[in-house]
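Below is one structure, written out as structure tokens; the observations come after it.
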Amino acid sequence: MLREPAADHGIRAERIQKRLGGNDVLRGVDLTVRPGEILSILGSSGSGKSTLLQCLNLLTVPDRGDIWVHGEKLAIRAISQQGGQARILDHRQVRRVRASMGMVFQSFNLWPHKTALENVTEGPVLVKGIRRNAAADLGRHYLAKVGLSDKADAYPRHLSGGQQQRVAIARALAMEPRVLLFDEPTSALDPELVGEVLRVMAALAGEGRTMVIVTHEMAFAREVSTRAAFMHRGLIEEESPPQEFFSSPVSSRLRGFLASHR
Amino acid sequence: MDITLLLTSTVTLASGIPLTLLLTFASLLAGFVLAVPLSFMRASSRKWLSLPVLAYTYVFRGTPLLVQLFIIYYGLGQVGAIRSSVLWVLLRDPFWCCLLAFSLNGAAYTTEIFRGGIQAVATGMIEAAQAVGMSPLQIKRRIIFPIAFRSVLPSYANEVISLVKATSLASTVTLLEITGLSRKLVSETFAPYEIFLAAGVLYLGLTFLLTGFFNALEARLNGAPRAKAHTRRVALQQVTHEL
């Protein structure tokens, strides 16, 4: 557990703790994501799965614990006994690491004052310093990839939820990240729009990308992931390849969870 | 009522429009430039950043603009240190005193308007920007402020219109803008009714134009039929420039 992970090996989080609003949301979680792996994280709401995901790119700074991304240990200061908040020590490093991890949010979070194309190109232009023309080509490429070539000039409020989420996926892809993080990407969608987003995600999974997906879509997780993890009250209760995970779960809580989501 | 006098005095007073506009736009520009960083400080959760700005906006919003102008125009000249400093070159001139008073006052109101908009930006917008690796300054410049500015544009337009009318206070320190000219004309003709009516018409015209301008800007920023990103950016630059 305590040895340093070898360089360039996906993501590793050790003993992650986080307390939010008086609740111990994460209680010493260990998580490894190997390159090329597609990890689904399941669990009932409040189990800490979204918080864990947000810790991986430090949108939430864990109170305690260590995180390595691509072999690089993130510089964070743990919470102090005197009540000093946990915080990021090396902002430059965190920005670099975030740029290498695309994130897709439950509520899309597209910037309303920018068109679909501008939402996609903003990161490459500002963070990677790509020229606007080149970025526009890149943006169109990824919009085409999510099936929205014709919506490049549309503003988010003129797009359906499913379309907005696909733009958000294109925005994450345009940074050409090494890992994609999905935080309940279909939970805010009308049922009839879920399919189009899942199809895009399945296509990405087929490209051998590294993906971490927090989701409630059981069938999708079973179909697409290479490994599934079940969280319960701030800890990973069980993790295994999807066949075992869904067919022969060990823990009674996971059995109960799967039964109630069938 | 003497219609001929109304018409001729309108024409005469129109020569005060350039000064009224100069005072308005110069103090708008200065106020805007001041208000943008101040509003971010004011919206900060760090007390040592927000409290000094709160003190500033509290004082300037809590006292009459006319009093502020008199303190700057009549009061500062009594301070020996100022009379002997280079600042005196500007502060002995009523135009610069007005500009200073209007800018500081306008910046106080504008700061509070922008602050409201900044705090109303959804955290998800900021998280999405952080997640792609933008720096705090890039996030403020490209995400938070543009979203905030659009949401407070109607209130900001109100502030601009208030400022146009507030420039009439410049007449109390000898400047001959629209109101100053009116008072001069009244003292020559003893016909306050027609002349102040003419002044009112001129202000109404300016307000009308500004309202139209801000309505158009609002429609444009809210992405009415898509113009090219470039032209929109240029339009916004022109606005900030004019302000």
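The values are calculated or read from the model by the stated rules, or taken from the named source; none is laboratory data. Bear in mind the structure is a predicted one, so any value in this text is a computation, not a measurement. Backbone-built Cβ (ideal geometry, glycine too); neighbour counts: all protein chains shown. Quick note on the areas: whole protein, heavy atoms, side chains included, nothing else; ligands and nucleic acids left out. Shrake-Rupley method; radii C 1.70, N 1.55, O 1.52, S 1.80 Å.
Is the stretch B:118-126 home to any residue that is out of contact with any Pro (no Cβ under 8 Å at 6 or more places or on another chain), open to solvent by less than 20 Å² (accessible area, probe 1.4 Å) and free of Cβ contacts under 8 Å to residues at least 40 places away in the same chain? Yes; the residues of the stretch B:118-126 include at least one that is out of contact with any Pro (no Cβ under 8 Å at 6 or more places or on another chain), open to solvent by less than 20 Å² (accessible area, probe 1.4 Å) and free of Cβ contacts under 8 Å to residues at least 40 places away in the same chain.
For the stretch B:135-151, the candidate set comprises residues that are among the hydrophobic types (A, V, I, L, M, F, W, C) and within 19 Å of B:GLY124 (Cβ to Cβ); within that set, the residue that is surrounded by the fewest Cβ atoms within 10 Å (Cβ to Cβ) is B:PHE145.
Yes or no: B:SER9 in contact with a helix residue (DSSP H, G or I) (Cβ under 8 Å, 6 or more places away or on another chain) and within 13 Å of B:GLY106 (Cβ to Cβ)? No; evaluated as a whole, the condition is false for this residue.
Residue count for the stretch A:201-245 under the criterion of being of a type in the set (Phe, Trp, Tyr) and open to solvent by less than 10 Å² (accessible area, probe 1.4 Å): the result is 2. Return yes when A:ASP190 is within 14 Å of chain B (Cβ to nearest Cβ), acidic (Asp, Glu) and out of contact with any Lys or Arg (no Cβ under 7 Å at 6 or more places or on another chain) and no when it is not. Considered against the rule, which asks whether it is within 14 Å of chain B (Cβ to nearest Cβ), acidic (Asp, Glu) and out of contact with any Lys or Arg (no Cβ under 7 Å at 6 or more places or on another chain), A:ASP190 comes out as no.
Scanning the stretch A:73-108 for residues that are more than 14 Å from chain B (Cβ to nearest Cβ) and assigned to a strand (DSSP E or B) gives A:LYS73, A:ILE76, A:ARG77. For the structure I just gave you, tell me whether A:VAL61 is outside any loop (DSSP other than H, G, I, E, B) and either in contact with a Cys (Cβ under 6 Å, 6 or more places away or on another chain) or open to solvent by less than 50 Å² (accessible area, probe 1.4 Å) (or both). Criteria not met by A:VAL61.
May I ask you to list the residues in the stretch A:110-125 that are assigned to a helix (DSSP H, G or I) and within 9 Å of chain B (Cβ to nearest Cβ)? Passing the criteria: A:LEU117, A:GLU118, A:ASN119, A:GLU122, A:GLY123, A:PRO124. In the stretch A:124-133, the count of residues that are among the small types (Gly, Ala, Ser), without any contact (Cβ under 8 Å) to a residue 24 or more places away in the chain and under 24 Å from A:ARG96 (Cβ atoms) is one or more. Summed over the stretch A:165-199, the residues that are open to solvent by 20 Å² or more (accessible area, probe 1.4 Å), among the acidic types (Asp, Glu) and within 13 Å of the chain's Cα centre (by Cα) give a count of 1. Across the stretch A:75-100, what is the number of residues that are touching a helix residue (DSSP H, G or I) at 6+ places or on another chain (Cβ under 7 Å) and either open to solvent by less than 10 Å² (accessible area, probe 1.4 Å) or under 26 Å from A:HIS216 (Cα atoms) (or both)? Result for the stretch A:75-100: 1.
Among the residues of the stretch B:166-178, write down those that are in a helix (DSSP H, G or I) and either charged (D, E, K, R) or within 18 Å of the chain's Cα centre (by Cα) (or both).
Of the residues in the stretch B:166-178, the ones in a helix (DSSP H, G or I) are B:166-173, B:178.
Selection gives B:ALA166, B:THR167, B:SER168, B:LEU169, B:ALA170, B:SER171, B:ILE178.
Considering the stretch B:169-194 alone, what residues qualify as being without any contact (Cβ under 8 Å) to a residue 60 or more places away in the chain and either on the phi > 0 side of the Ramachandran plot or not acidic (Asp, Glu) (or both)? Of everything in the stretch B:169-194, those that are without any contact (Cβ under 8 Å) to a residue 60 or more places away in the chain and either on the phi > 0 side of the Ramachandran plot or not acidic (Asp, Glu) (or both) turn out to be B:SER171, B:ARG183, B:LYS184, B:VAL186, B:SER187, B:PHE190, B:PRO192. From the list B:GLU127, B:GLU159, the one residue that fits, being under 20 Å from B:THR20 (Cβ atoms), of a type in the set (D, E, K, R) and modelled with pLDDT of 95 or more, is B:GLU159.
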